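Colleague: I'd like to ask some things about the structure below.
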Amino acid sequence: MSDLPADKLPPRPDTPCVAVCSTTFDEVCRGCGRTVVEVAHWVSMSAEQKEVVWQRILSQGYPRRNG
């Protein structure tokens with residue numbers, strides 16, 4: 001979990017989605033790096049939960065616009 005309180009989280013876009021959606025070979029979107037479950041629950045996740053996902057996908061080189 002992020003060590004930052006909700007009011008101190010870095011500014012982020014509303015979603016990491018880059019409209020390059022593909023989970024053809026596994027459960028991870030090749031565009032944004034989120035799992036199918038994370039995509040499905042994104043709108044109901046807290047800011048802290050989203051930040052945890054953001055930190056992971058950014059460290060893995062996502063989001064990618066060229067899939």
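Colleague: Run the Debye formula on the Cα coordinates of the chain, all scatterers equal and no solvent, and tell me log10 I(q)/I(0) at q = 0.19 1/Å.
Modeller: Log10 of I(q)/I(0), two decimals: -0.70.
Colleague: In nm, what is the difference between 0.36 nm times the number of residues separating SER22 and LEU9 and their Cα-Cα distance?
Modeller: 1.8 nm
Colleague: Then there's this: In Å², what does the accessible area per residue of the chain work out to with a 1.4 Å probe?
Modeller: Accessible area per residue: 67 Å².
Colleague: Tell me the net charge near GLY31. Cut-off is 11 Å between Cβ atoms, GLY31 excluded, with +1 for each Lys or Arg and -1 for each Asp or Glu.
Modeller: +4
Colleague: Where the accessible area of segment 24-67 is counted over protein heavy atoms with a 1.4 Å probe, how much of it, in %, is carbon and sulfur?
Modeller: Exposed carbon and sulfur together represent 55 percent of the surface.
Colleague: Something else now. Which angle between 0 and 90 degrees, to the nearest 10, do you get for helix 47-59 versus the longest principal axis of the chain when only C-alpha atoms count?
Modeller: Computed tilt is about 50 degrees.
Colleague: May I ask you to order 44-52, 32-40 by the average number of other C-beta atoms within 10 Å around their residues, highest value first?
Modeller: 32-40, 44-52
Colleague: To the nearest 20 debye, what is the magnitude of the charge dipole of segment 10-67 about its Cα centre, counting +1 on the Cβ of each Lys and Arg and -1 on the Cβ of each Asp and Glu?
Modeller: With only Lys, Arg, Asp and Glu charged at Cβ, the dipole is about 220 debye.
The values are calculated or read from the model by the stated rules, or taken from the named source; none is laboratory data. Remember, it's a predicted structure, so these values are computed and weren't measured experimentally. Cβ coordinates were reconstructed from backbone atoms using ideal geometry, including for glycine residues, and neighbour counts include every protein chain displayed. To get the accessible areas, we keep the full protein, side chains included, count just its heavy atoms, and leave off ligands, DNA and RNA. Shrake-Rupley method; radii C 1.70, N 1.55, O 1.52, S 1.80 Å.
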